[in-house]
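Following: one structure in structure tokens, then a few remarks.
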Amino acid sequence: MKIEQLIGNETLLELRKTAFFCSRKIPASAVLKCYDWAVAQREAGNCIISGFHSQIEKDVLHYLLKGQQPIILALARGLKEKLEPEFEKPLEQGRLLIISPFDKSTKRVTEQTAEVRNKMMIELADSITIGYASEGGNLETLLTSTKKEIIRLV
């Protein structure tokens, strides 16, 4: 799968990467485990790749941005003209890479674009961490297609 657009430090793609996924609906018991995992990854300096799309994934990004470790944000749409302010400093520091398998004409995230993005992330990652996957959901189905190491927090 080809990366169509990117902004930031392209050399982050050469690092060992852990993909982080979490379903939109998550039991309360899993939330703290995801936060603790994010802090541990930040402190260890591990490169994390994620769509940072579900609320928990956004929270994980919040914790990661407070550190110095590398982050790869994979979009399920094309790049926007203007980036979020919280991305400016990590981009300047060379620790953030934003990638997309889509060109600028793809403006909305759909179930299909999210699936393409998720497949790209799995392809790029060395290992996969699942905060929580809803039983029978899209994420659970997607994970059956990979032979990579999968760590489940719950």
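The values are calculated or read from the model by the stated rules, or taken from the named source; none is laboratory data. This is a predicted model, so every value here is computed, not measured. Using ideal geometry, Cβ is built from the backbone for each residue, glycine included, and neighbour counts are taken over all protein chains shown.
Testing Cys34 on (1) in contact (Cβ under 8 Å) with a residue 40 or more places away in the chain; (2) part of a loop (DSSP other than H, G, I, E, B); (3) crowded, with 17+ Cβ neighbours inside 10 Å, one condition comes back false. Which one is that?
Answer for Cys34: the failing condition is (2).
Ile72 - would you say it is touching a residue at least 40 places away in the same chain (Cβ under 8 Å), aliphatic (A, V, I, L, M) and in contact with a strand residue (DSSP E or B) (Cβ under 7 Å, 6 or more places away or on another chain)? Even if it seems obvious, please write down each step before you answer.
Details: touching a residue at least 40 places away in the same chain (Cβ under 8 Å): yes; aliphatic (A, V, I, L, M): yes; in contact with a strand residue (DSSP E or B) (Cβ under 7 Å, 6 or more places away or on another chain): yes.
In short, yes.
Of the conditions (1) touching a strand residue (DSSP E or B) at 6+ places or on another chain (Cβ under 9 Å); (2) assigned to a helix (DSSP H, G or I); (3) among the aliphatic types (A, V, I, L, M), Val154 satisfies every one except a single condition; which number is it?
Every condition holds for Val154 apart from (2).
Please work out if Leu143 is in contact with a Cys (Cβ under 7 Å, 6 or more places away or on another chain) and of a type in the set (A, V, I, L, M, F, W, C). Even if it seems obvious, please write down each step before you answer.
Details: in contact with a Cys (Cβ under 7 Å, 6 or more places away or on another chain): no; of a type in the set (A, V, I, L, M, F, W, C): yes.
Judged against the criteria, Leu143 is not a match.
Only one of Ile56, Ile99 is in contact (Cβ under 8 Å) with a residue 60 or more places away in the chain, buried (at least 16 other Cβ atoms within 10 Å of the Cβ) and touching a Cys at 6+ places or on another chain (Cβ under 7 Å); which?
Working: Ile99 fails: touching a Cys at 6+ places or on another chain (Cβ under 7 Å).
Exactly one of Ile56, Ile99 is in contact (Cβ under 8 Å) with a residue 60 or more places away in the chain, buried (at least 16 other Cβ atoms within 10 Å of the Cβ) and touching a Cys at 6+ places or on another chain (Cβ under 7 Å), namely Ile56.
Mind listing just one residue for me: the one in segment 113-141 that is of a type in the set (D, E, K, R) and touching a strand residue (DSSP E or B) at 6+ places or on another chain (Cβ under 8 Å) and, of those, farthest from Asp103 (Cα to Cα)?
Taking segment 113-141 as the starting set, the residues that turn out to be of a type in the set (D, E, K, R) are 115, 117, 119, 123, 126, 135, 140.
Restricting the remaining residues to those that are touching a strand residue (DSSP E or B) at 6+ places or on another chain (Cβ under 8 Å) gives 117, 126.
Numbers: Arg117: 12, Asp126: 25 Å.
Among residues in segment 113-141 that are of a type in the set (D, E, K, R) and touching a strand residue (DSSP E or B) at 6+ places or on another chain (Cβ under 8 Å), the one farthest from Asp103 (Cα to Cα) is Asp126.
Pairs needed: first member in segment 105-122, farther than 17 Å from Phe20 by Cβ; second member anywhere, among the β-branched types (Val, Ile, Thr) and in a helix (DSSP H, G or I); C-beta distance under 7 Å; at least 6 residues apart or different chains.
That search, which allows pairs on different chains as well, returns Thr106/Thr113.
Look through segment 6-25, keep the residues that are in contact with a Leu (Cβ under 7 Å, 6 or more places away or on another chain) and either without any contact (Cβ under 8 Å) to a residue 40 or more places away in the chain or part of a loop (DSSP other than H, G, I, E, B) (or both), and return whichever of them is farthest from Leu79 (Cα to Cα).
The qualifying residue farthest from Leu79 (Cα to Cα) is Ser23.
Residues in segment 124-136 that are more than 19 Å from Ser29 (Cα to Cα) and part of a loop (DSSP other than H, G, I, E, B): how many? Spell out the reasoning first.
Residues of segment 124-136 that are more than 19 Å from Ser29 (Cα to Cα), as a first pass: 124-128, 136.
This time we only want the ones that are part of a loop (DSSP other than H, G, I, E, B), so: 125-126, 136.
Count: 3.
If we keep just the residues of segment 40-79 that are more than 8 Å from the chain's Cα centre (by Cα) and of a type in the set (Ser, Thr, Tyr), which is modelled with the lowest pLDDT?
Here the answer is Ser54.
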